[in-house]
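Asker: There's a structure below that I have some questions on.
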Amino acid sequence: MGKPIKKIFTPIDTEVERVGKAVLDAAFKVHTVLGPGLLESVYETTLAYEVRKSGMSVATQVAVPIT
């Protein structure tokens, strides 16, 4: 089959890592507390609340141009 391909990864920027961790932590908390089966708007609101509690700003339902 040949030699395995060696993949080289660059480290994730610390700010990107911090934001990603905060969002994932908030998402796990929301899912653990609320569980499945609610409307998407409930999860959106509670996730935004949890992320804001970690000190970050959050924008929801942002318009995205599509061309």
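Read-outs throughout are calculated quantities, based only on the coordinates presented, and are distinct from any laboratory measurement. Quick caveat: nothing in here was measured; it's all calculated off a predicted structure. Ideal geometry is used to build each Cβ from the backbone, glycine not excepted, and the neighbour counts take in all protein chains shown.
Asker: Can you pull out the residues in the range 21-46 that are without any contact (Cβ under 8 Å) to a residue 24 or more places away in the chain and either of a type in the set (Lys, Arg) or surrounded by 12 or more Cβ atoms within 10 Å (Cβ to Cβ) (or both)?
Answerer: Listed by number, the residues that qualify are Lys21, Ala27, Lys29, Val30, His31, Leu34, Val42, Tyr43, Glu44, Thr45, Thr46.
Asker: Check off (1) in a helix (DSSP H, G or I); (2) over 13 Å from the mean Cα position of the chain (by Cα); (3) among the aliphatic types (A, V, I, L, M) for Val62 and give me the number that stays unchecked.
Answerer: Every listed condition holds for Val62 apart from (1).
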